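The values are calculated or read from the model by the stated rules, or taken from the named source; none is laboratory data. Every value quoted in this text rests on a predicted model; they were computed, and no experiment measured them. Positions of Cβ are backbone-derived with ideal geometry, glycine not excepted, and every protein chain shown enters the neighbour counts. Ligands, DNA and RNA are excluded from the accessible area calculation, which covers all protein heavy atoms including side chains. Shrake-Rupley method; radii C 1.70, N 1.55, O 1.52, S 1.80 Å.
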Number of protein chains: 2
Amino acid sequence: MLNERTRQYLQDNREHHLHKLFELIRIPSVSKWEDEGCQWAAGWLAWYLKELGMDVEVVGGHRRPNVIASMHVRDDIPTVLFYGHYDVQPVDPWDQWQSPPFDPQVRDGWIYARGADDDKGQLFTHLMAIDAHMKTDGLPVNVKLLLEGEEELGSPCLERFLQDHKDRLACDVAVVSDSSFFAADVPSITYGFRGLICLELTLTGANRDLHSGHYGGAVANPADVMARLIGEMHDERGQVTLDGFYKDVFDATEQEIHAWAKLGFDEAAYAADLGVEALGGGEHGRWVLERIWGRPTIDCNGMSSGVTGHNSKTIIPASAEAEVSIRLVPDQDTDKIEQTFRRFVEARVPPGIKVDIRTIAKARPLRLNWGSPAMRTAAMAYEDAFGKEPVFIRSGCSVPVTELIDRILEADQALMSFGLPEDRLHSPNERFPLKQLYRGAVAVASFMQNYPGMKMAYDR
Amino acid sequence: MLNERTRQYLQDNREHHLHKLFELIRIPSVSKWEDEGCQWAAGWLAWYLKELGMDVEVVGGHRRPNVIASMHVRDDIPTVLFYGHYDVQPVDPWDQWQSPPFDPQVRDGWIYARGADDDKGQLFTHLMAIDAHMKTDGLPVNVKLLLEGEEELGSPCLERFLQDHKDRLACDVAVVSDSSFFAADVPSITYGFRGLICLELTLTGANRDLHSGHYGGAVANPADVMARLIGEMHDERGQVTLDGFYKDVFDATEQEIHAWAKLGFDEAAYAADLGVEALGGGEHGRWVLERIWGRPTIDCNGMSSGVTGHNSKTIIPASAEAEVSIRLVPDQDTDKIEQTFRRFVEARVPPGIKVDIRTIAKARPLRLNWGSPAMRTAAMAYEDAFGKEPVFIRSGCSVPVTELIDRILEADQALMSFGLPEDRLHSPNERFPLKQLYRGAVAVASFMQNYPGMKMAYDR
């Protein structure tokens, strides 16, 4: 149990913490926009962490720097590394927001804003817990922080960064909060993420848009070719057709499938929330949670060619663009799958069409052990904050840092996430419940207090 | 041969006619834009034709009216109906124009502007010829004019209009100038057009864009489904896979293929102009001119789903749109093919996706007899104006009015077109050579003078 003084401090400072979080949310730190937003947010965080009394450095001269902070208490207590990211997704379609995306508003107990959950709201639970310990009984652990500005771009520089700063970021355990509960009343700890390869395809045909009457039948049409190669990525049973795509898949164990089945997943409610008649995605014949958590997938994220709608023209477009994301599971090899994908595309490009394939992001899949001291402490902390034993789940998402922490820093990890499935991540009207923010901070504070004892018990 | 006085009048009034044409081109009559541009252009034409002394009516209360004009000379001479359209294609991408699209400029003997060729420039050859006869020896034929404002939308109301005004538009022969020479130095008369079905597809999945990690594998992805169904419209040999698509195709005759082979079509130069390495479109194993003129095709004209490029996001898009144009040849049935297409699409939409198919435009294919009095007179007129016997060609394009004149007005037709293949129709930097404008007017005037005699010879 978290000590009473720290708990009370969190209770008494809710308004203050919310006020600070809103200051951060108001900074439009969209990493895709390549403007000054991310530098501004990094600066704000540096200032705030200094005010808390930490040593802070903003590292990286580029436009989306990392913020590193630390406070060393004693050598004989463990060190916890907190990871969060301050960059957010773009906000279009703008017209679907009920309130401006960078003007946080509280309605019916929810904070509405881009980044309210992902990840400004969630990383703030760390800052609140650290603040609470500092202002009451003092930090029970040494603290390090790594706040990234390129997570929504797929953390392209993070691997190199962790390698370069391996000693400086060395820790016993890392706390990452960038995922979500299984359901609103089901506290959940994530023990696995899918990997990701994000690719941009450009096909170029003639040197200009051509009249589809004059030229239809003469030249290969980049839109048709793009459609064809995206269409051929799946067969009629929803299986990915890339050569050997499933070869290295480590299937979910019986124990996992059994645990997932007990979660009470309500397919009908899930479909109703999405407004679809049926859950027609993924591989036929597999259960939906297995398809999302335990199986790799490919999705076209966007396509653009010619003109559609009001200004449409009967042309053969000069080019076609598409973005594709591949979600991987253990033990698929990210590089191998990327090469397979490139070969798949190149083999399908006919004479008269040029292809350009750009890899935008890559992250390896991860699956952690539920029985580690970090996971056990996290489970206790959840019970403390939410009054319920948590479930252990996997996520279909990709949080590149978790795999890098595992591989490069070789630290134990507690993936303590407080988002809810209905928080509309990456979508208009993103939101985060105030309750999850406040209880999340209690959970993190509880974790910090109890981890040293748990670690000692395991080490013995 | 055209009489000397009329020829001289055309020569002397080049500046004046060009000045008038520029007035018309400056009106941005983009039928897609649904603004006042088309009404403005119709009004200008009505005013100009009245000034020439014709009876004029602007018909149709909607935004893109038809302009009808006539001048009856005597009952014992034939009546010629001139058709042209004053509406033009949209102009995007705007940034690729070297001069503003609605500010006509002459550079190196070409008029540069949207509509310079298609069809303002070409229809002006009719007005110039009519003006020349009127101002010199008087009209040798009765004249009617039909100037349309919806051709670039596929003439959706024209069939009904011709049926409603059948008596008023009755004529012996129609002159249509809305196509092009086979090559710059090859005067050409078109005797066939492909038909057209233009369709807009919209697929809708979830009620919002979804995170491709959270939901990838759960729900059917409208972008993937759209890609798949567009991709499946062709097989790996470039054949259209729609059920019975080729069943009613009346293949080009040996005589036609023989005539086309003599045209000296230069595949390498054609590919070089388009900037492609190979002409990889259409059905494998058929010659490119046959593919364009004699075979039906399907092209995707545009696709749009999610976001690509700078603001791309790893989402499963909520919807996908595409526009598809089908080009038909005799004796394919437009309605039957449309139904086949709808069934093809509907059969490929999985659970969880809704489909909407909207038919935007439809026109039947046409193939005329080269030996008619109109065609023969036109051939003489070309020799008169261009000093060369014309070739007879087909076009891959669709000019709906020609099939309607054939079927509803049951009139003979002379498809006297003066555009060049390099005029960049529907593309940025559309252009039209001054030489084609001036010689085209001579050809039309010559046709008017010689048609009565030719008709009498045939009638005898």
Sites B:Lys435 and A:Arg286, calculated FRET efficiency, Cβ-Cβ separation with R0 56 Å, nearest 0.05: 0.25
Estimated inter-spin distance, B:Arg358 and A:Gln339, nm [label 7 Å along Cα→Cβ]: 4.8 nm
Local electrostatic count, B:Glu321, Cβ distance below 10 Å [Lys/Arg +1, Asp/Glu -1]: -3
Cβ-based net charge around B:Asn429, under 11 Å, with every Lys or Arg adding one and every Asp or Glu removing one: +2
Proximal charge balance of B:Asp356 [Cβ under 12 Å; K/R count +1, D/E count -1]: 0
Neighbouring partner chain Cβ atoms per residue of B:292-300, average, 10 Å criterion: 6
Segment A:1-117, accessible area per residue, ligands and nucleic acids excluded (1.4 Å, Å²): 46 Å²
Size descriptor, Kirkwood hydrodynamic radius, that averages inverse alpha-carbon separations across chain A, Å: 23.5 Å
Computed over segment B:73-153: relative contact order in percent, which uses C-alpha pairs under 8 Å that are six or more apart: 52 percent
Average partner coverage of A:199-209, which counts Cβ from other chains inside 10 Å: 4
Calculated log₁₀ intensity ratio I(q)/I(0) where the Debye formula runs over C-alpha points of segment A:225-290, q = 0.12 Å⁻¹: -0.46
Total accessible surface hidden between A and B, rounded to 100 Å², 1.4 Å probe: 7500 Å²
Segment B:199-218 versus segment A:45-115: alpha-carbon centroid distance in Å: 30 Å
Percent accessible area from carbon and sulfur atoms, the protein assembly as shown, protein chains only, probe 1.4 Å: 47 percent
Accessible solvent surface per residue of segment B:345-460, calculated while the other protein chains remain in place, 1.4 angstrom probe, Å²: 36 Å²
Ranked by how many other beta carbons lie within 10 Å on average, peptides B:434-440, B:361-367 from highest: B:361-367, B:434-440
Value of relative contact order over chain A, rounded to a whole percent, pairs C-alpha under 8 Å and six or more apart: 26 percent
Placed amide H near B:Ala361: partners under 5 Å, 5+ positions off or other chain: B:Cys198
Stokes-Einstein D in µm²/s, Kirkwood radius over Cα pairs - segment B:58-212 at 4 °C with 1.567 mPa s viscosity: 69 µm²/s
GluC sites (Glu not before Pro), loop per DSSP, at most 14 other Cβ atoms within 10 Å - longest free stretch of chain B: B:37-235
Relative contact order (%) - segment A:297-398, alpha-carbon pairs under 8 angstrom, separation at least six: 22 percent
For B:225-235, mean number of other protein chain Cβ atoms within 10 Å: 6
Segment A:238-262 versus segment B:120-154: alpha-carbon centroid distance in Å: 71 Å
Greater than 21 Å apart at Cα, pairs in A:Lys32/A:Lys354; B:Lys435/B:Lys455; B:Lys50/B:Lys144; A:Lys120/A:Lys166; A:Lys50/A:Lys144: A:Lys32/A:Lys354; B:Lys435/B:Lys455; A:Lys120/A:Lys166
Under-5 Å amide H pairs with B:Trp370, H placed in peptide plane, nonlocal only: none
